[in-house]
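Working notes, beginning with the structure itself.
The values are calculated or read from the model by the stated rules, or taken from the named source; none is laboratory data. Given the structure is predicted, the values throughout are model-derived calculations rather than measurements. For neighbour counting, all protein chains shown are included, and Cβ atoms are generated from backbone atoms with ideal geometry for every residue, glycine included. Calculation scope for accessible area: heavy atoms of the full protein, side chains included, ligands and nucleic acids excluded. Shrake-Rupley method; radii C 1.70, N 1.55, O 1.52, S 1.80 Å.
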Amino acid sequence: MSDSPTVALLKERLAVLQPLQVDIVDDSHRHAGHAGAREGGHYQVTIVAAAFSGKNTLARHRLVHEAVGDLKRSGIHALVIHARAPEEV
Amino acid sequence: MSDDIQQRIHATVTGNPVVLYMKGTPQFPQCGFSATAVQILKASGVASFASVNVLDDPEIRQGIKDYANWPTIPQLYIRGEFVGGCDIMREMYQAGELQKLLEGIIEA
């Protein structure tokens, strides 16, 4: 199955973290109809990268937010993040 | 970015032991992630906490994102420190870290 445009864009942006693994689940259908859904979709990102080693969850999420950047304002309403270091997988 | 808004936010997060910036109210959350954040706080044993409904004030809604340099809501503050959003609260709760952070202010 090919990625939706938003999922493809997310993967493109996350590439700066040089991830060993990226899985993106589009949960948008589970939130259709609620107010925030008008702003964009709901996505769950599971990402494994060496960049997360030795960083706490807050710092890891900041890295992901920085990489995703402006996508938060167009097409994405919510992003659930699971950020793991390689040694935690 | 308005300094006045930033000062108001600073006064709120430092003037209350636990503050949740959320969409809606603890009784009537307007977003699933805000609802989950409220449930996690309650499950952590917090009897009462301050909450701010960002949907009431567009300046606060943007201002709180600037304050913590964090792009999403909900946002939890404990003793004036930004803790994180819904995912981080869940992870910390599951690890028992959130309960530890809230120790001593559960009665507040």
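Any idea of the accessible area per residue across the stretch B:3-101, 1.4 Å probe, to the nearest Å²?
Ligands and nucleic acids excluded, the figure is 46 Å² per residue.
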What's the angle, to the nearest 10 degrees (0 to 90), between helix A:57-68's Cα axis and the longest principal axis of chain A? 60 degrees
Taking the convex hull of the Cα atoms, report for chain A its projected area averaged over all directions, in nm². 5.9 nm²
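For the protein assembly as shown, what is the convex hull (Cα atoms) projected area averaged across all directions, in square nanometres?
Quarter of the Cα hull surface area: 11.7 nm².
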Taking the Cα atoms only, what angle lies between the long axis of helix A:5-14 and the longest principal axis of chain A, rounded to 10 degrees? 20 degrees
Express in nm, to one decimal, how much length is gained between residue A:87 and residue A:4 on full extension, taking 0.36 nm for each residue of separation and deducting their alpha carbon distance. 26.9 nm
What does the accessible area of residue A:52 come to, in Å² to the nearest 10, when a probe of 1.4 Å is used? 0 Å²
The A/B contact buries a total accessible area, at probe radius 1.4 Å and rounded to the nearest 100 Å², of 1300 Å²
Once you list every other residue whose beta carbon is under 15 Å from the beta carbon of residue B:84, what net charge do they have if Lys and Arg are +1 and Asp and Glu are -1? +3
Assigned charges on the beta-carbon of Lys, Arg, Asp, Glu; chain B dipole about Cα centre (debye): 240 debye
Beyond a 19 Å Cα-Cα separation, which of these cross-linked pairs lie in this structure: B:23/B:65; B:42/B:100; A:72/B:65; B:42/B:65; A:11/A:72? B:42/B:65
Please calculate the 1.4 Å probe accessible area of residue B:56, with all protein chains present, and give it to the nearest 10 Å². 120 Å²
How large is log10 of I(q)/I(0) for the stretch B:3-101 at q = 0.19, 0.23 Å⁻¹ when the intensity is taken from the Debye formula with one equal scatterer per alpha-carbon? -0.85, -1.27
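Ordering A:84, B:79 by how much accessible area each has at a 1.4 Å probe, largest first, what is the list? Before the final figure, lay out the partial values.
Values: A:84 80, B:79 130 Å².
Accessible-area ranking of A:84, B:79, largest first: B:79, A:84.
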Within the protein assembly as shown, what whole-number % of the accessible surface is contributed by carbon and sulfur, with the 1.4 Å probe and all protein chains included in the calculation? 50 percent
Rounded, prolate or oblate: pick one for the stretch B:11-63, where a ≥ b ≥ c are the square roots of the eigenvalues of its C-alpha gyration tensor, a/c under 1.5 means rounded, and failing that, prolate if a/b is larger than b/c, else oblate. oblate
With every protein chain in place, the residues of the stretch A:45-82 shedding 10 Å² or more of accessible area versus the chain by itself (probe 1.4 Å) are A:57, A:58, A:61, A:62, A:65, A:72, A:73, A:77, A:78, A:80, A:81
